[in-house]
Amino acid sequence: MIERSAAPVRPGTMLVLMTEREERSMKVIVAGAGIGGLCLAQGLVRAGIDVRVYEREPAADSRYQGFRIALNEHGLGALRACLPPRLYRLLDAVTGPLAGRPRVVDQHLTELRRLDPTDGGAAADRRVLREILLAGLGDRVEFARAVTGYAELPDGTVEVHLSDGAGTVADLLVGADGVGSAVRRRLLPDARVVDVPGNSLLGRTPLTERFAALVPDFGTLVQGPGLTMLLGRMEFRRPPRLAAAELAPEVELPDTDSYLRWVVTLPGQPTGPGADWATVRDRLLPLLDGWHPDLVELVRRSDVVNSAPLTLRYTEPVPHWGTGPVTLLGDAIHTMPPSAGQGANTALRDAALLCRTLTAAHRSGTGLREAVEAYEREMLAYGFAAVAESLERLPDFTPSR
Ligand SMILES: Cc1cc2nc3c(=O)[nH]c(=O)nc-3n(C[C@H](O)[C@H](O)[C@H](O)COP(=O)(O)OP(=O)(O)OC[C@H]3O[C@@H](n4cnc5c(N)ncnc54)[C@H](O)[C@@H]3O)c2cc1C
């Protein structure tokens, strides 16, 4: 195990180094307590591996989180593999159905066609999922401590630098710090993250009987003149807070009701983060002139706290970089637009795969590098295949004319 020390040893940088080694046991640091990083941490804890997660945000609920994520067999399989069974049962209780053939309609709700059927899978609220992924990790997750950089040490370990000037040494740093990843910028400075043109808005409206009729299955695509609207239904099988009280009382889930999540994409420049939603909504409403009144009302009744402008991005493929004590996972390496519903599923798949290869290395006591390289090669192949598929399906998000 690697010993920690609180004394700053590098003049000028305030860096605190922990270098004293006692015995050889794997230590992993994860940058980012998002979907992928937390799933990895859960799996590593189950495997008895020493893991610590550093998160930039001050708390789990400190920024907009509550949109629907459609979990497929990869995402659900990864969660089943990494979460303790009792937390997986809780997750199962608070997901919603995800099956059927999404409709494509025009602005008057006249059906134009049906998209390919989806069988299986489950709809999860990102905020609820993240709370479940945090459960039981305790002080292994430290909020308000961003990873700012790292240095590879001569003995093959990595010294991780934190935003408060502290540092810590680990056998492996996993950059699970999302699309703006500080770890990726250091490891792969030439990797390109591209903004998708267009102005996307992510709305959330409480699910009522009237709005439920807009989405008979789990999704509806509205193709209107000059803009598209994608509607997704998040209907909790059981209210999250009540389900947690019954199934895992130590877990506090948000008191949230079912909702419709919708994404509108307009031509033109992105609205940008931080814009006031009421203003954004009031600019959108005149563009829906002549649309079915239920669609107009859906926008009018959007929840100002849980709706926001959205920037769609993707990463261009990168070749394998040569394995060291630093790797990447999820959006940090393969960001993709949500058009194929694959970003979180791929991040979860990465987490489960990396957990599996690390666990095998930990149990055999050898081959950390080989384990990481095996993960990286497999992850790069399916991760960038998912980016390509998401880009192919992007036209569903963009205006029809
Ligand atoms: C509207 C919308 C709908 C979506 N729908 C789907 C869907 O249906 N299915 C699907 O699979 N995916 C979907 N996605 C994509 C999915 O949300 C992301 O791909 C997924 O959250 C990526 O997980 P991650 O763990 O890689 O990154 P994130 O979940 O983004 O987590 C990264 C974490 O790192 C933290 N962080 C950032 N920088 C630092 C730093 N320097 N140090 C420490 N911490 C840091 C961040 O605060 C954050 O908590 C959707 C996305 C959007 C926007």
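Of note:
- When T366 is tested against (1) under 23 Å from the mean Cα position of the chain (by Cα); (2) without any contact (Cβ under 8 Å) to a residue 12 or more places away in the chain; (3) farther than 20 Å from A176 by Cα, only condition (1) is not met.
- Filter result for R241 (in contact with an Asp or Glu (Cβ under 8 Å, 6 or more places away or on another chain), of a type in the set (K, R) and closer than 27 Å to T95 by Cα): yes
- Restricting the search to helices (runs of 4 or more DSSP H) fully inside the range 118-218 and requiring at least 3 residues that are closer than 24 Å to I35 by Cβ, among the hydroxyl-bearing types (S, T, Y) and in contact (Cβ under 8 Å) with a residue 24 or more places away in the chain gives an empty result.
- Counted residues, the range 36-72 - those being basic (K, R) and within 11 Å of the ligand (Cβ to nearest atom): 3
- Here A352, A381, A361, A386 are screened, and the one residue that is of a type in the set (A, V, I, L, M, F, W, C), part of a helix (DSSP H, G or I), more than 15 Å from the ligand (Cβ to nearest atom) and under 22 Å from the mean Cα position of the chain (by Cα) is A381.
- The single condition from (1) farther than 30 Å from D289 by Cα; (2) surrounded by 15 or more Cβ atoms within 10 Å (Cβ to Cβ); (3) in contact with a strand residue (DSSP E or B) (Cβ under 7 Å, 6 or more places away or on another chain) that V263 fails is (1).
- Those strands (runs of 3 or more DSSP E) lying entirely in the range 18-95 with at least 2 residues at pLDDT below 95: 68-71
- Yes/no for T323 being among the polar types (S, T, N, Q), outside any helix (DSSP H, G or I) and either surrounded by fewer than 24 Cβ atoms within 10 Å (Cβ to Cβ) or out of contact with any strand residue (DSSP E or B) (no Cβ under 8 Å at 6 or more places or on another chain) (or both): yes
- Of all the residues in the range 177-224, those that are more than 15 Å from L312 (Cα to Cα) and surrounded by 13 or more Cβ atoms within 10 Å (Cβ to Cβ) number 28.
- I49 vs. criteria under 22 Å from V174 (Cα atoms) and among the hydrophobic types (A, V, I, L, M, F, W, C): yes
- Test set (1) on the phi < 0 side of the Ramachandran plot; (2) touching a Ser or Thr at 6+ places or on another chain (Cβ under 9 Å); (3) within 16 Å of the ligand (Cβ to nearest atom) - V305 fails condition number: (2)
- The range 369-378 - residue that is over 22 Å from the mean Cα position of the chain (by Cα) and acidic (D, E) and, of those, farthest from the ligand (Cβ to nearest atom): E370
- The test for being modelled with pLDDT of 95 or more, in a loop (DSSP other than H, G, I, E, B) and closer than 26 Å to A308 by Cβ holds for Q107.
The values are calculated or read from the model by the stated rules, or taken from the named source; none is laboratory data. The model shown is predicted, which means the values in this text are computed figures rather than measured ones. Because the Cβ atoms are built from the backbone with ideal geometry, glycine has one as well, and the counts that use them run over all protein chains shown.
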